[in-house]
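The values are calculated or read from the model by the stated rules, or taken from the named source; none is laboratory data. Values in this document were obtained by computation on a predicted structure and should not be read as measured data. Please note: Cβ atoms are built from the backbone with ideal geometry, for glycine as well, and neighbour counts cover all protein chains shown.
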């Protein structure tokens with residue numbers, strides 16, 4: 001078996017680097033390792049703010065419409081991951097043709113058939129991870145829609161505010177967890193693109209993994225979208241301006 005599998009020390013280091021940098025970035029995006037808040041962390045605060053806002057209105061067609069769009073997006077990515085897995089199994093059925101194409105590249109290392117098939121199986125595992133994350137996220141968004149329907153009407157806030165707060169917190173927590181699993185599935189799809197560099201050689205695998213991670217870091221920690229969400233949250237926390245002709249906006253407190 002050892003003669004059939006041709007992996008160099010660069011290949012082993014590259015796959016360890018790939019898994020390590022994926023895990024490290026996931027922890028950082030979820031609020032660990034670094035102090036700087038990610039875009040996902042700010043969006044979790046917006047999810048909680050959303051649940052608190054819907055508690056102030058009895059007609060919640062807007063909220064159900066938002067939930068439907070979230071479910072549709074999650075279902076789309078789950079279907080796409082499943083199609084990609086099917087494409088990988090098609091590669092396993094015709095490896096010689098793909099290897100012939102890769103061998104024409106000047107930087108491609110000489111690969112044996114078993115080595116190529118192991119790499120394809122690794123890609124299938126990455127995509128399968130994404131598929132399970134998307135399907136669980138879709139299920140959680142379903143649960144969140146039910147919990148939104150269970151949030152009491154405005155009259156209950158005055159008679160039993162604790163009941164209202166508990167219902168809002170349940171819906172917010174499930175929404176945040178669903179978003180977390182969706183982000184992890186989307187992250188797996190992104191890293192599957194970086195994984196494709198391994199089909200060329202270990203050095204290209206290092207390069208694609210690093211470039212991909214740098215792009216994701218910029219989006220999560222240094223993007224204009226993060227600044228927009230952060231500014232919005234800062235405005236929500238700021239005290240309302242008082243003065244002649246001014247009015248104070250009633251906004252739910254951001255936890």
Odd one out for residue 220, checked against (1) crowded, with 20+ Cβ neighbours inside 10 Å; (2) at pLDDT 95 or above: (2)
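Take the conditions surrounded by fewer than 16 Cβ atoms within 10 Å (Cβ to Cβ), assigned to a helix (DSSP H, G or I), in contact (Cβ under 8 Å) with a residue 40 or more places away in the chain and under 16 Å from the mean Cα position of the chain (by Cα) and apply them to residue 225. Does it pass?
On the way: surrounded by fewer than 16 Cβ atoms within 10 Å (Cβ to Cβ): yes; assigned to a helix (DSSP H, G or I): yes; in contact (Cβ under 8 Å) with a residue 40 or more places away in the chain: yes; under 16 Å from the mean Cα position of the chain (by Cα): yes.
Considered against the rule, which asks whether it is surrounded by fewer than 16 Cβ atoms within 10 Å (Cβ to Cβ), assigned to a helix (DSSP H, G or I), in contact (Cβ under 8 Å) with a residue 40 or more places away in the chain and under 16 Å from the mean Cα position of the chain (by Cα), residue 225 comes out as yes.
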Residue in segment 22-33 that is in contact (Cβ under 8 Å) with a residue 60 or more places away in the chain, assigned to a loop (DSSP other than H, G, I, E, B) and under 21 Å from the mean Cα position of the chain (by Cα) present: yes
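If you go through segment 147-160 one residue at a time, do you hit one that is part of a helix (DSSP H, G or I) and buried (at least 21 other Cβ atoms within 10 Å of the Cβ)? Break it down stepwise before answering.
If we filter segment 147-160 for residues that are part of a helix (DSSP H, G or I), which is where we start, we get 147-150, 154-159.
If we keep only those that are buried (at least 21 other Cβ atoms within 10 Å of the Cβ) as well, we get 148.
Checking segment 147-160: at least one residue is part of a helix (DSSP H, G or I) and buried (at least 21 other Cβ atoms within 10 Å of the Cβ).
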Qualifying residue in segment 34-48 (condition: modelled with pLDDT under 90, under 30 Å from the mean Cα position of the chain (by Cα), closer than 30 Å to residue 158 by Cα and assigned to a helix (DSSP H, G or I)): no
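Answer yes or no as to whether residue 59 is in contact with a helix residue (DSSP H, G or I) (Cβ under 7 Å, 6 or more places away or on another chain) and surrounded by fewer than 17 Cβ atoms within 10 Å (Cβ to Cβ).
Working: in contact with a helix residue (DSSP H, G or I) (Cβ under 7 Å, 6 or more places away or on another chain): no; surrounded by fewer than 17 Cβ atoms within 10 Å (Cβ to Cβ): yes.
Against the criterion (in contact with a helix residue (DSSP H, G or I) (Cβ under 7 Å, 6 or more places away or on another chain) and surrounded by fewer than 17 Cβ atoms within 10 Å (Cβ to Cβ)), residue 59 does not qualify.
In segment 2-11, which residues are surrounded by fewer than 18 Cβ atoms within 10 Å (Cβ to Cβ) and in contact (Cβ under 8 Å) with a residue 40 or more places away in the chain?
Of segment 2-11, the ones surrounded by fewer than 18 Cβ atoms within 10 Å (Cβ to Cβ) are 2-10.
The answer is 4, 5, 6, 7, 8, 10.
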Residues located in segment 12-21, provided they are within 22 Å of the chain's Cα centre (by Cα) and either part of a loop (DSSP other than H, G, I, E, B) or surrounded by fewer than 19 Cβ atoms within 10 Å (Cβ to Cβ) (or both): 15, 16, 17, 19, 20, 21
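Quick grid of which residues meet (1) surrounded by fewer than 17 Cβ atoms within 10 Å (Cβ to Cβ); (2) touching a strand residue (DSSP E or B) at 6+ places or on another chain (Cβ under 7 Å); (3) outside any helix (DSSP H, G or I); (4) at pLDDT 90 or above:
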position: 176; (1), (2), (3), (4): no, no, no, yes
position: 195; (1), (2), (3), (4): no, no, no, yes
position: 205; (1), (2), (3), (4): no, no, no, yes
position: 212; (1), (2), (3), (4): no, no, no, yes
position: 231; (1), (2), (3), (4): yes, no, no, no
position: 244; (1), (2), (3), (4): yes, no, yes, no
position: 252; (1), (2), (3), (4): yes, no, yes, no
Any chance residue 185 is within 17 Å of the chain's Cα centre (by Cα), at pLDDT 90 or above and either under 19 Å from residue 46 (Cβ atoms) or in a loop (DSSP other than H, G, I, E, B) (or both): no
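Does residue 171 satisfy being over 15 Å from residue 73 (Cβ atoms), in a helix (DSSP H, G or I) and modelled with pLDDT under 95?
Numbers: over 15 Å from residue 73 (Cβ atoms): yes; in a helix (DSSP H, G or I): yes; modelled with pLDDT under 95: yes.
So residue 171 passes the test.
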Failed item, numbered, when residue 76 is tested on (1) outside any loop (DSSP other than H, G, I, E, B); (2) at positive phi: (2)
